[in-house]
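Participant: The structure's right below; bear with me while I get my questions together.
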Amino acid sequence: MKKYILSTVALLSAVSFTACDDMLDTEPRKTEATPETFTDVEALNAGTYSIMNVLAGRDATSFPLFMWEIMSDNCYGSGGLQDDEVKSLHHLVETRVDQYETPFITLYGGVARANTQIETILNLDWTGKDAKRNQLLGEGYFMRGLYNLWLTQMYGDVPLITASLVTPEMEEEADAENVIFPQILTDFVAAKNLLSATKSSGHANKFVAEAFIARAYMFWAGFHKGVTDLTKGSAPEIEIFESEGTSAGTLSKQDVIDCLNDIIANGGYDLCDDYRSLWQYSNSLLWDEAHDADDAESMKLPVEERGNKEGTHAYEFIADMERKNCFDQPGMGNGNTEELFQIQFMNASAWAIGDTYYTNSRQYSCYVSCFWGLRCNGTNGDRDHTYPFNQGWGQGTPSVNIWDDWTTAENKGSYTDMRKLGSLINCVTELKDYTFEKDDCEESGYSVKKFNSVCLDACAKSLDTWWTKAPGYSKSSLDNSMQGDHFEDFYLMRYADVLLMHSELTGDAKGLNDVRKRGLGYRLGDKAPEAEYVEIPATLENIQNERRWEFAFEGIRFNDMRRWTGKGNKGGYASKMLQAQEGKPITVKGNRNYGLLKHMTCSWTERYEATDGYLSKPQNQINLMNGKLTQNAGWDASDSKTQYQTLY
């Protein structure tokens with residue numbers, strides 16, 4: 001038995017932790033506070049949330065949402081020749097037996113903090129402060145459910161830790177289908193019943209919990225119970241345990257639908273009219289540079305109709321937007337009307353924070369903007385070459401498949417989906433002078449637009465981000481704008497997902513068509529397409545396509561693929577879509593005629609079906625658990641098909 005005790009953590013305070021080598025290595029034993037004495041519960045709550053920032057500010061194979069996108073058919077591993085870990089992730093192999101240990105430990109750290117938060121609240125006197133108590137307690141339950149959801153989706157059967165005092169029983173590997181998911185749904189239901197309906201930026205509320213009830217239930221029903229088409233037929237009930245805020249019972253498909261109905265009717269959320277408003281490339285400073293002409297004739301025109309000043313750049317893709325819809329305008333971008341839950345960032349990263357499992361120097365920066373930035377060297381990343389996008393690590397480049405599949409859907413339906421160029425950069429046609437670098441590999445000719453680093457003519461340096469010119473900015477907390485100045489929210493739940501989940505569970509196509517109409521530009525008033533919108537039914541195929549287009553590069557695709565396949569199923573949706581990557585043209589070492597993509601060791605079908613999409617459990621943790629933790633199927637390190645091989 002052992003006790004995991006969280007040190008005092010404030011949101012902006014870096015804390016030094018002691019190291020530990022013990023079974024289920026999750027949280028250091030530096031005792032500065034206990035559930036009996038800790039009274040700064042809001043700081044404790046901030047510490048629980050901060051684990052998300054630590055994950056999002058770390059390297060490519062540490063942030064679950066980024067990892068799942070790389071594992072899907074939306075992205076390649078790519079990056080530089082030396083970036084073995086991201087390529088191994090895409091090929092579902094490993095470079096070493098502990099490659100995936102960091103998220104394992106960090107997520108258990110999040111669970112430990114949530115447990116301490118819950119116990120602290122339950123052991124304090126809240127007389128006269130019931131609303132505050134229930135909100136903080138509900139957030140603790142919600143975050144524990146979220147971290148456990150990510151843990152089991154990544155690693156399958158793992159120990160289920162529900163208290164700060166870890167008993168021998170908790171150290172045993174728990175069954176994901178019958179034990180862990182019921183606990184996750186119990187935590188989310190408890191959160192729903194305890195949390196207020198009030199929106200609070202960066203915090204969970206009742207509606208956030210309801211949305212995640214749907215996400216978790218749909219994964220459990222599809223992946224574990226084999227109900228891969230929820231648009232028709234019944235789905236099983238899942239057991240709910242007794243907990244503070246809920247009693248023992250079951251959760252049905254109808255209960256989940258009722259949660260989504262509540263969000264739609266009472267949540268006060270709405271889709272932004274312009275899909276581009278969600279992403280930082282539509283910021284008003286960049287829009288202004290496309291409308292900065294100051295000659296006499298231009299000055300007679302409304303600003304929306306002016307071109308740009310001679311000798312400067314203009315990003316034409318956003319030039320036709322209404323300025324009020326730009327990313328940094330009220331109700332758009334960070335804090336927009338469809339954002340339910342997100343990871344937030346701010347100019348507070350610091351090299352001095354240091355990198356541990358529970359802290360990260362870049363934890364307040366949306367570091368995926370650096371990973372998904374263009375792979376450039378020297379002047380290749382200069383504004384005159386790639387405006388308005390600039391340099392990053394070039395990992396996780398979009399696959400040829402997502403562009404081709406999207407284009408095929410457009411041609412078949414005779415429409416233009418603004419989300420395609422709203423999500424991807426066509427590096428060849430959209431950038432003035434993009435160069436394929438000599439140290440790159442698995443490049444497709446596309447890049448992720450949603451999170452790519454954005455520069456302005458007004459920026460002091462080409463590698464400075466547009467945030468350096470945003471109101472209130474003083475200097476980079478990392479003294480490195482390219483790595484540190486990325487503050488775009490990473491969405492974990494959008495209202496569009498609520499609508500699409502509702503259509504999938506009910507067969508009612510209204511939500512599906514509302515989302516699709518926005519994507520095709522039918523909410524843009526007089527700039528909407530002239531052709532009348534043609535509604536589509538809520539078939540599984542339509543929902544699969546719509547979810548892929550709407551949430552491209554947001555970390556949702558891979559687990560959607562898994563639940564539409566079912567655990568243990570051969571030849572299913574995921575196997576087919578992943579294998580379709582084989583034989584697509586790629587650029588390697590700057591050679592655009594390199595050849596075709598192939599799997600590193602065997603095939604994507606074989607690796608997916610061997611693993612069901614689970615990662616390998618870290619061998620170090622298996623050793624520490626003395627036989628209580630077992631390796632996942634398909635990850636025998638003695639099998640060469642599981643091990644990284646150099647291709648380029």
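Participant: Considering the dipole of the chain built from charges on the beta carbon (Lys and Arg +1, Asp and Glu -1) around the Cα centre, which of Val166, Leu44, Phe487 is farthest to its positive end?
Facilitator: Checked the options; the winner is Val166.
Participant: Which of the three applies to the stretch 523-571, rounded, prolate or oblate, going by the alpha-carbon gyration tensor with a ≥ b ≥ c and a/c under 1.5 meaning rounded? All intermediate terms of the calculation are to be shown ahead of the outcome.
Facilitator: Details: a/c = 5.19, a/b = 2.18, b/c = 2.38.
Oblate, since a/c reaches 1.5 and b/c is not below a/b.
Participant: Less than 15 Å Cβ to Cβ from Arg548, Lys/Arg counted +1 and Asp/Glu -1: what total charge do the surrounding residues give?
Facilitator: Working: positive: Lys412, Arg419, Lys420, Lys450, Arg494, Arg516, Arg547, Arg557, Arg562, Arg563, Lys576; negative: Glu69, Asp73, Asp404, Asp405, Glu410, Asp417, Asp497, Glu504, Glu541, Glu546, Glu550, Glu554, Asp560.
Counting the neighbours of Arg548, the net charge comes to -2.
Participant: For Lys641, give me every one of the aspartates and glutamates with a C-alpha distance below 18 angstrom, ignoring sequence neighbours fewer than eight places off in its own chain.
Facilitator: Asp84, Glu85, Glu94, Asp98, Glu582, Glu606, Glu609, Asp612
Participant: Okay, next question. Assign unit charges at the C-beta atoms only (+1 for Lys and Arg, -1 for Asp and Glu), then state the dipole size of the stretch 213-357 relative to its Cα centre in Debye, rounded to the nearest 20.
Facilitator: On the way: 10 positive and 27 negative charges, 101 e Å.
Magnitude of the dipole: close to 480 debye.
Participant: Based on alpha-carbon centroids, what's the gap between the stretch 242-260 and the stretch 458-511 in Å, whole number please?
Facilitator: About 32 Å separates the Cα centre of the stretch 242-260 from the one of the stretch 458-511.
Participant: Treating the angle as unsigned and between 0 and 90°, give the value, to the nearest 10°, between the Cα long axis of helix 41-56 and the longest Cα principal axis of the chain.
Facilitator: Helix 41-56 sits at roughly 50 degrees to that axis.
Participant: Something else now. Past 26 Å, Cα to Cα, is the threshold; run Lys87/Lys628; Lys412/Lys432; Lys324/Lys527 against it and keep the listed order. Don't jump to the answer; show the numbers that get you there.
Facilitator: Working: Lys87/Lys628 30 Å; Lys412/Lys432 30 Å; Lys324/Lys527 15 Å.
The answer is Lys87/Lys628; Lys412/Lys432.
Participant: Run the dipole for the stretch 279-436 about the Cα centre, Lys and Arg Cβ at +1, Asp and Glu Cβ at -1, nothing else charged, and hand back the magnitude in debye, nearest 20. Before the final figure, lay out the partial values.
Facilitator: Details: 12 positive and 24 negative charges, 112 e Å.
In debye, rounded to 20, the stretch 279-436 gives about 540.
Participant: Under 1.5 on a/c is rounded, so check that first for the stretch 424-503, then, if it is not, pick prolate when a/b is larger than b/c and oblate when it is not; a ≥ b ≥ c are the square roots of the alpha carbon gyration tensor eigenvalues.
Facilitator: Because a/c hits 1.5 or more and a/b fails to exceed b/c, the stretch 424-503 counts as oblate.
Participant: Right, something else. Under a 5 Å amide H to amide H cut-off, with H placed in plane at 1.01 Å, what residues pair with Thr61 once short-range neighbours are removed?
Facilitator: Placed amide hydrogens put nothing under 5 Å from Thr61.
Participant: Once every DSSP H run of n ≥ 4 in the chain is given -39500 (n - 2.57) and the sum is divided by its residues, what mean residue ellipticity at 222 nm do you get, rounded to the nearest 500 deg cm²/dmol? If you can, show how the numbers build up before the last one.
Facilitator: On the way: 25 runs with 236 residues, N = 648.
Estimated from H runs of four or more residues: -10500 deg cm²/dmol.
Participant: Relative to the longest principal axis of the C-alpha atoms of the chain, give the angle of the C-alpha long axis of helix 206-219, reported between 0 and 90° and rounded to the nearest 10°.
Facilitator: Long axis of 206-219 versus the principal axis of the chain: about 90 degrees.
Participant: Work from the charge dipole of the chain (Cβ charges, +1 for Lys and Arg, -1 for Asp and Glu, about the Cα centre) and give the residue of Tyr357, Gly307, Tyr522 farthest towards its positive end.
Facilitator: Checking the options against the dipole of the chain, the answer is Tyr357.
Participant: For a 18 Å ceiling on Cα separation, which of these pairs sit above it: Lys232/Lys253; Lys438/Lys461; Lys192/Lys253?
Facilitator: Numbers: Lys232/Lys253 12 Å; Lys438/Lys461 24 Å; Lys192/Lys253 16 Å.
As for pairs spanning more than 18 Å Cα to Cα, those are Lys438/Lys461.
Participant: Next up: Classify the chain: rounded, prolate or oblate, from the alpha-carbon gyration tensor (a ≥ b ≥ c, eigenvalue square roots; a/c under 1.5 rounded; otherwise prolate if a/b is larger than b/c)? Before the final figure, lay out the partial values.
Facilitator: Values: a/c = 1.38, a/b = 1.32, b/c = 1.04.
Judged from the Cα gyration tensor, the chain comes out rounded (a/c under 1.5).
Participant: Next question. Quick one: angle between helix 495-506 and the longest Cα principal axis of the chain, in degrees between 0 and 90, rounded to 10, please.
Facilitator: Taking the Cα atoms of the chain, the angle to 495-506 is about 70 degrees.
Participant: Let me ask something else about it. Going 7 Å from the Cα of Asn261 along its beta-carbon direction, which residues of the stretch 187-203 have the amide nitrogen within less than 18 Å of the resulting point?
Facilitator: Hits in the stretch 187-203 for Asn261 at 18 Å: 193.
Participant: On average, how much accessible surface per residue is there in the chain, in Å², for a 1.4 Å probe, leaving out ligands, DNA and RNA? Provide the component values of the computation, followed by the final result.
Facilitator: Numbers: 22640 Å² over 648 residues.
I get 35 Å² per residue for the chain.
Participant: Right, next: Treat every Asp and Glu Cβ in the stretch 501-636 as -1 and every Lys and Arg Cβ as +1, leave all other atoms uncharged, and give the resulting dipole magnitude about the Cα centre to the nearest 20 debye. Write down the numbers at each step before the final one.
Facilitator: Details: 21 positive and 17 negative charges, 118 e Å.
In total the dipole reaches around 560 debye.
Participant: On to the next question. Quick query: amide H of Glu94 versus all other amide H atoms, modeled in the peptide plane; which residues come in under 5 Å with a sequence gap of 5 or more or a different chain?
Facilitator: Under 5 Å from the amide H of Glu94 lie the amide H atoms of Gln643, Tyr644, each far enough along the sequence or on another chain.
Participant: How do Cys602, Cys326 stack up against each other in accessible area, from largest to smallest, with a 1.4 angstrom probe? If you can, show how the numbers build up before the last one.
Facilitator: Numbers: Cys602 40, Cys326 0 Å².
The ordering from most to least exposed comes out as Cys602, Cys326.
Participant: Figure the gain on full extension for Asp384 and Ser247 (residue separation times 0.36 nm, minus the Cα-Cα span) and round it to one decimal in nm. Present the calculation step by step, with values, prior to reporting the outcome.
Facilitator: Values: separation 137, 0.36 × 137 = 49.32 nm, distance 6.21 nm.
Here the answer is 43.1 nm.
Participant: For the chain, what % of the accessible area comes from carbon and sulfur atoms, probe 1.4 Å? Please report the intermediate quantities before stating the final value.
Facilitator: Details: 10840 of 22640 Å².
With neighbouring chains kept in place, the figure for the chain is 48 percent.
Participant: At what distance in angstrom do the alpha carbon centres of the stretch 45-103 and the stretch 543-577 lie from each other?
Facilitator: 19 Å
The values are calculated or read from the model by the stated rules, or taken from the named source; none is laboratory data. Just so you know, these numbers come straight off a predicted model, no measurement behind them. All Cβ positions, glycine included, derive from the backbone under ideal geometry; neighbour counts span all protein chains shown. Only protein heavy atoms, including side chains, enter the accessible area calculation; ligands, DNA and RNA are left aside. Shrake-Rupley method; radii C 1.70, N 1.55, O 1.52, S 1.80 Å.
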